[in-house]
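Student: Shown below is the structure under consideration.
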Amino acid sequence: MSKTTIIRRTMLTAAGASLFAGAVRAQDKVKVKFGVLTTASQAAFYVGARKGIFAKYGFDVEVLPLQTGVQANQALAAGQVDWSGGGVESTVVAWATNLPFKAYSMYAKGGDSYAIMVRKDANIGSAKDLKGKKIAVPQGTAPAQGLNQVLKEAGLPRDAVMRVNANYGNMGQMLIAGSVEAMAGLEPFLTLTEEKMEGKAAILMRLGKYVQGGGLFLISDKWAAANPTKIADAVAALWEAQQWVRKNPKEAAAIEAEFLKVEPRIVEVSFKVLTYDPLIDDFTSKSLQTTADYLAEEKLIPAPLKLEPHLVELNKVTQQVKAKHPTLLD
């Protein structure tokens, strides 16, 4: 056998071994169906998948777009997705009804991503002026809770306004059409509506004083039971994705804009009122309990709920990831 032939065979063998190793590595990755809501607050999920951060931690992620926190709850409970994210309100509802998934981290914060927007021709200059007005608001959500607190602070009874049930995607059209005088909504839909109305609408107030925005990273109990050693890795991957968004906001906005099918500048507006911080702080803890109390009062959950038991796994994993990856909080 010639020296040239030996060299060629050695190179082919090495190439084959490399391809085989790559295939093995791909097979070793844990498959995940990741339900991601089409809101800017969940940018770290989509950006983390696109930038290969979840892959770096050993996950083969398939992103499945979802529209609402309720849909995320349903998809997780039905086994249609393994991971997802839920707003504070939809997650509390899930806990109250014993749905089979748990929270392991926050994916974002920012109550100022919620706001009350009004038509300028409705002559609403303060919270007191909301009396007697029709307001589009999604039932059982942070904006609904925030609206209640705004009315209370203004000395108005709960029934001082006429609530028109809506979702974040259609309430802007209601405001544009004039079927409501105000809407309690979420970015980037607020900014999109304001632009479409060309100066005929304005933000009355942001709601960060009253409620927490963003939400919680959720993993199904079935997936967690099948992959107990990978839970902390999933959380670490999310933390790194959040860090990447914090450090690269312009590029992250462009990536998220592709997912939302909007212009990057619209996502950049949302980023100004959101923080991609994974930790539960005192305001979030209070907001969780206030939300649970509100949902019980509105009879949207069966009974009052204490939240500490539902945060046990989150607190446990948080300590593990902080110890192993302290720089991810930089």
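The values are calculated or read from the model by the stated rules, or taken from the named source; none is laboratory data. The shown structure was predicted, so the numbers you read here are calculated from the model rather than taken from an experiment. Every residue, glycine among them, receives a Cβ derived from its backbone with ideal geometry; neighbour counts consider all protein chains shown. The protein model used for the area step is the full one, side chains on, heavy atoms only, and it has no ligands, DNA or RNA in it. Shrake-Rupley method; radii C 1.70, N 1.55, O 1.52, S 1.80 Å.
Student: So for the chain, taking the charge dipole from beta-carbon charges (+1 Lys/Arg, -1 Asp/Glu), which of ILE266, ALA166, LEU329 sits furthest toward the positive end?
Tutor: Toward the positive end, the furthest listed residue is LEU329.
Student: A further question on this structure: In degrees from 0 to 90, rounded to the nearest 10, what is the angle of the helix 312-324 Cα long axis to the longest principal axis of the chain?
Tutor: 50
Student: Taking all protein chains in place and a 1.4 Å probe, what share, in percent, of the accessible surface of the chain do carbon and sulfur account for?
Tutor: C and S atoms contribute 54 percent here.
Student: Can you work out ³J(HN,Hα) from phi for every residue in the stretch 154-169, in order, using Karplus 6.51 cos²θ - 1.76 cosθ + 1.60 and θ = phi - 60°, giving whole Hz and x for Gly and Pro?
Tutor: Using θ = phi - 60°, the values come out as 7, x, 9, x, 4, 8, 6, 10, 9, 7, 10, 5, 8, 10, 4, x Hz.
Student: Evaluate the charge dipole of the chain about its Cα centre and quote only its size in Debye, nearest 20, assuming +1 on the Cβ of each Lys and Arg and -1 on the Cβ of each Asp and Glu. Walk me through the numbers before you get to the answer.
Tutor: Working: 39 positive and 32 negative charges, 164 e Å.
Result for the chain is approximately 780 debye, rounded to the nearest 20.
Student: Still on this model: For THR275 and LYS324, compute 0.36 nm times the residue count separating them, minus their Cα-Cα distance, and round to one decimal in nm.
Tutor: Values: separation 49, 0.36 × 49 = 17.64 nm, distance 2.25 nm.
Contour length minus the Cα-Cα distance gives 15.4 nm.
Student: Please calculate how many Å² of accessible area the chain carries per residue, with a 1.4 Å probe and no DNA, RNA or ligand atoms counted.
Tutor: 47
Student: Work from the charge dipole of the chain (Cβ charges, +1 for Lys and Arg, -1 for Asp and Glu, about the Cα centre) and give the residue of LEU151, GLY140, GLY125 farthest towards its positive end.
Tutor: Value computed over the given set: GLY140.
Student: Sticking with this one: Roughly what % antiparallel, to the nearest 5, for the DSSP beta bridges in the chain?
Tutor: The answer is about 60 percent antiparallel.
Student: For the stretch 240-330, which GluC sites (Glu not before Pro) pass both filters: DSSP loop (anything but H, G, I, E, B) and at most 14 other C-beta atoms within 10 Å?
Tutor: Those that pass, being in a loop and sparsely packed, are GLU298.
Student: Here is a further query. Could you pull out the trypsin sites (Lys or Arg not before Pro) across the stretch 246-325 that fall in loop regions by DSSP (anything but H, G, I, E, B) with no more than 15 other Cβ atoms inside 10 Å? Please report the intermediate quantities before stating the final value.
Tutor: Working: sites: ARG246, LYS247, LYS250, LYS261, ARG265, LYS272, LYS286, LYS299, LYS306, LYS316, LYS322, LYS324; in loops: LYS261, LYS272, LYS299, LYS306.
Passing sites in the stretch 246-325 are LYS261, LYS272, LYS299, LYS306.
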